[in-house]
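**Q** Structure in structure tokens, see below.
The values are calculated or read from the model by the stated rules, or taken from the named source; none is laboratory data. All values derive from a computational prediction rather than experimental measurement. Glycine gets a Cβ as well: all are built from the backbone with ideal geometry, and neighbour counts include every protein chain shown.
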There are 2 protein chains.
Amino acid sequence: MSRRIRVIVQYDGTNYVGWQVQENGISVQQRLNEAVLAVTGEQIQLHGSGRTDSGVHANAQVAHFDTYARMPADKFAIALNMRLPRDIRVLYSEEAPEDFHARFSAKNKTYRYTVQTGLHADVFSRTTALHIHTPLDFMRMQRAAQYALGEHDFKAFMSAGCTIENTIRTVTRSEWTQNGKYLYYEVSANGFLYNMVRILAGTLLEIGGGKLPEDAISRALASGLRADAGGTAPPLGLTLLRVQYEDFDTEEVLNR
Amino acid sequence: MSRRIRVIVQYDGTNYVGWQVQENGISVQQRLNEAVLAVTGEQIQLHGSGRTDSGVHANAQVAHFDTYARMPADKFAIALNMRLPRDIRVLYSEEAPEDFHARFSAKNKTYRYTVQTGLHADVFSRTTALHIHTPLDFMRMQRAAQYALGEHDFKAFMSAGCTIENTIRTVTRSEWTQNGKYLYYEVSANGFLYNMVRILAGTLLEIGGGKLPEDAISRALASGLRADAGGTAPPLGLTLLRVQYEDFDTEEVLNR
């Protein structure tokens, strides 16, 4: 009998082509596949909660795979970490119900976009925060972010080339917080369209810089036109923070 | 007339052989010399507040150099950053009194040693924190750190091969703080011997792990024997946090 194992994976996306296996470089998924092969001898099919682009990070990505290996489920984390590069860590592993699916069972995801203000880019956040030295109106960005809350057709906040049919999503959190020179945009939803968080962040930063009106998100939601939203913020500031399932919440597990 | 310029430099020491120019690799000082040469056309002599070893970081290193360039002193930061790699930033530049010396005028320095606890190493602090997964008695380390306070002969906390004569230093702060899974040891003194902070941190971590008695620092200070102190903690956890002068305090300048 095979068992289904689910893992929480943390990675620094700087040196990867993204989550998904691709021909043009090394992906996080490929490194995990190789680690599972080294540990179990099996070529597994790894399913993540969703893709992340090149340069995007994860504090808590969820993935699952099926294995015949007899290792106790909680030992996979340590065993895989011994085979993984230091910019990918498996923070947790356990046996999942056989009908659990990292992607299709996900109920809610949270992303964070990090901006560093100030005249000079901090060396310690150079790969995890977007540095903006021009003035940003923080209160304006806070107010503007609220227009994303609720159930909307987010097709204006999707990169061209994506052919998904249902572009309606429900955003349950959309807010900015501040800690010194760092600004954090956190957004939770039952799902995200391709580049949706980066377009939301890009739009909010243009609102904060005075290049777009405060209700720009509302206008773009109404028109459904990509051109009414702002630019796509660069990947380095984006981190997948949390994935929630009916029976599994990465934040709750990691704070145990 | 030449002017003396002082700068506050931040760097991620991971990819450098240390602050000081060396034959076996690239140093932070060399990159700064090259940047000044590119900006001013001058081969300058750069003086830092002190050396840092390979892998050691700085949040606020201070350095000075003399130049005939007519650029406004505060513009050096921006001009140098355009020529520096992204893991070195000049956060501030100004004209200094002609008798200012980054090393000899320094009154006080503060270092921080960062430890990350928990079963797995966090990818985002893999080059700036020492990961320790075995249990540490935090309260014991806090109490033990206080033995370093005051004026002492710290020769037991100096790496062999150092031939300095006066090994008496005054420690004005020596304490641990905690933020989630991160433990920070911060130590301030009027000067530090070679590897002194890393040996203090290494000793305190052995005390926290139960390998040395709680008063181990006191005993080593009394005996003056290197063997009575603990091991030298690895460089990656160490950051030069602050340098203070009679007329210049990096923390005050950066918080303006």
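**Q** Which condition breaks for A:Q10 when tested against (1) buried (at least 18 other Cβ atoms within 10 Å of the Cβ); (2) polar (S, T, N, Q); (3) within 11 Å of chain B (Cβ to nearest Cβ); (4) in contact with a Ser or Thr (Cβ under 8 Å, 6 or more places away or on another chain)?
**A** For A:Q10, the exception is condition (4).
The rows are residues; the columns are (1) of a type outside the set (V, I, T); (2) within 21 Å of the chain's Cα centre (by Cα).
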| position | (1), (2) |
| --- | --- |
| B:L204 | yes, yes |
| B:G208 | yes, no |
| B:P213 | yes, no |
| B:L221 | yes, no |
| B:A229 | yes, yes |
| B:L240 | yes, yes |
| B:V243 | no, yes |
| B:D249 | yes, yes |
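**Q** List pairs: first in region A:118-136 and facing chain B (nearest Cβ under 8 Å), second surrounded by fewer than 18 Cβ atoms within 10 Å (Cβ to Cβ) and among the charged types (D, E, K, R), Cβ under 8 Å, 6+ apart or cross-chain?
**A** Pairs found: A:A121/B:R86; A:D122/A:K181; A:V123/B:R86; A:R126/B:R86.
**Q** Output the residues belonging to region A:164-219 that are at pLDDT 95 or above and of a type in the set (D, E, K, R).
**A** A:R169, A:R173, A:E175, A:K181, A:E186, A:R198, A:E206, A:K211, A:E214, A:D215, A:R219
**Q** Do we have any residue at all in region B:74-83 that's surrounded by 17 or more Cβ atoms within 10 Å (Cβ to Cβ) and either part of a loop (DSSP other than H, G, I, E, B) or away from chain A (no Cβ under 14 Å) (or both)?
**A** no
**Q** For B:A233, indicate whether it is in contact with a strand residue (DSSP E or B) (Cβ under 8 Å, 6 or more places away or on another chain), buried (at least 22 other Cβ atoms within 10 Å of the Cβ) and touching a residue at least 24 places away in the same chain (Cβ under 8 Å). Outline the logic, then answer.
**A** On the way: in contact with a strand residue (DSSP E or B) (Cβ under 8 Å, 6 or more places away or on another chain): yes; buried (at least 22 other Cβ atoms within 10 Å of the Cβ): yes; touching a residue at least 24 places away in the same chain (Cβ under 8 Å): yes.
For B:A233, the condition - in contact with a strand residue (DSSP E or B) (Cβ under 8 Å, 6 or more places away or on another chain), buried (at least 22 other Cβ atoms within 10 Å of the Cβ) and touching a residue at least 24 places away in the same chain (Cβ under 8 Å) - is met.
**Q** Give the number of residues within region A:84-99 that are touching a residue at least 40 places away in the same chain (Cβ under 8 Å), over 24 Å from A:H57 (Cα atoms) and in a loop (DSSP other than H, G, I, E, B). Give the steps one after another, and end with the answer.
**A** Taking region A:84-99 first, the residues touching a residue at least 40 places away in the same chain (Cβ under 8 Å) are A:84-85, A:87-98.
Filter once more, so that each one left must be over 24 Å from A:H57 (Cα atoms): A:95-98.
Remaining after also requiring in a loop (DSSP other than H, G, I, E, B): A:97-98.
Looking only at that region, the number is 2.
**Q** Moving to a separate point now. What is the one condition in (1) at pLDDT 95 or above; (2) surrounded by fewer than 17 Cβ atoms within 10 Å (Cβ to Cβ); (3) closer than 30 Å to B:K181 by Cα that A:R256 does not satisfy?
**A** A:R256 satisfies all of (1) at pLDDT 95 or above; (2) surrounded by fewer than 17 Cβ atoms within 10 Å (Cβ to Cβ); (3) closer than 30 Å to B:K181 by Cα except (1).
**Q** Of everything in region B:19-30 that's buried (at least 19 other Cβ atoms within 10 Å of the Cβ) and in contact (Cβ under 8 Å) with a residue 12 or more places away in the chain, which residue is nearest to the other protein chains (Cβ to nearest Cβ)?
**A** Within region B:19-30, the subset buried (at least 19 other Cβ atoms within 10 Å of the Cβ) is B:19, B:27-29.
Narrowing the set further to residues that are in contact (Cβ under 8 Å) with a residue 12 or more places away in the chain leaves B:19, B:28-29.
Details: B:W19: 14, B:V28: 11, B:Q29: 16 Å.
Selected residue: B:V28.
**Q** Something else about it: Please indicate, with yes or no, whether at least one residue in region A:150-163 is in contact with an Asp or Glu (Cβ under 9 Å, 6 or more places away or on another chain) and either closer than 19 Å to A:T114 by Cβ or at pLDDT below 95 (or both). Give the steps one after another, and end with the answer.
**A** We begin by selecting, within region A:150-163, every residue in contact with an Asp or Glu (Cβ under 9 Å, 6 or more places away or on another chain); these are A:156.
Now narrow it down to the ones that are either closer than 19 Å to A:T114 by Cβ or at pLDDT below 95 (or both): none.
There is no residue in region A:150-163 that is in contact with an Asp or Glu (Cβ under 9 Å, 6 or more places away or on another chain) and either closer than 19 Å to A:T114 by Cβ or at pLDDT below 95 (or both).
**Q** Taking region A:36-60, which residues are within 14 Å of another protein chain (Cβ to nearest Cβ), outside any loop (DSSP other than H, G, I, E, B) and out of contact with any Phe, Trp or Tyr (no Cβ under 7 Å at 6 or more places or on another chain)?
**A** A:N59, A:A60
**Q** Tell me, please, whether a residue that is outside the structural domain of B:P235 (by TED's automatic domain parsing), under 24 Å from B:D249 (Cβ atoms) and among the polar types (S, T, N, Q) can be found in region B:33-41.
**A** There is no residue in region B:33-41 that is outside the structural domain of B:P235 (by TED's automatic domain parsing), under 24 Å from B:D249 (Cβ atoms) and among the polar types (S, T, N, Q).
**Q** On the given criteria, is B:A201 within 20 Å of B:N59 (Cα to Cα), among the aliphatic types (A, V, I, L, M) and surrounded by 22 or more Cβ atoms within 10 Å (Cβ to Cβ)? Give the steps one after another, and end with the answer.
**A** Details: within 20 Å of B:N59 (Cα to Cα): yes; among the aliphatic types (A, V, I, L, M): yes; surrounded by 22 or more Cβ atoms within 10 Å (Cβ to Cβ): yes.
The answer is yes for B:A201.
**Q** The conditions are (1) in contact with a Leu (Cβ under 9 Å, 6 or more places away or on another chain); (2) crowded, with 18+ Cβ neighbours inside 10 Å; (3) more than 14 Å from chain B (Cβ to nearest Cβ), and A:C162 fails exactly one of them. Which is it?
**A** Unmet condition: (2).
**Q** Any idea which residue in region A:84-117 is farthest from A:R242 (Cα to Cα), counting only those that are within 14 Å of another protein chain (Cβ to nearest Cβ) and either in contact with a Ser or Thr (Cβ under 8 Å, 6 or more places away or on another chain) or hydroxyl-bearing (S, T, Y) (or both)? Can you show your working first?
**A** Initially, region A:84-117 is screened for residues within 14 Å of another protein chain (Cβ to nearest Cβ), giving A:84-94, A:112, A:114, A:116-117.
Narrowing the set further to residues that are either in contact with a Ser or Thr (Cβ under 8 Å, 6 or more places away or on another chain) or hydroxyl-bearing (S, T, Y) (or both) leaves A:87, A:92-93, A:112, A:114, A:116-117.
Details: A:D87: 18, A:Y92: 13, A:S93: 16, A:R112: 9, A:T114: 15, A:Q116: 22, A:T117: 25 Å.
Ranking the qualifying residues of region A:84-117, first place goes to A:T117.
**Q** Now, a different point. Inside region B:227-244, can you point out the residues that are part of a strand (DSSP E or B) and of a type outside the set (D, E, K, R)?
**A** The answer is B:L238, B:T239, B:L240, B:L241, B:V243, B:Q244.
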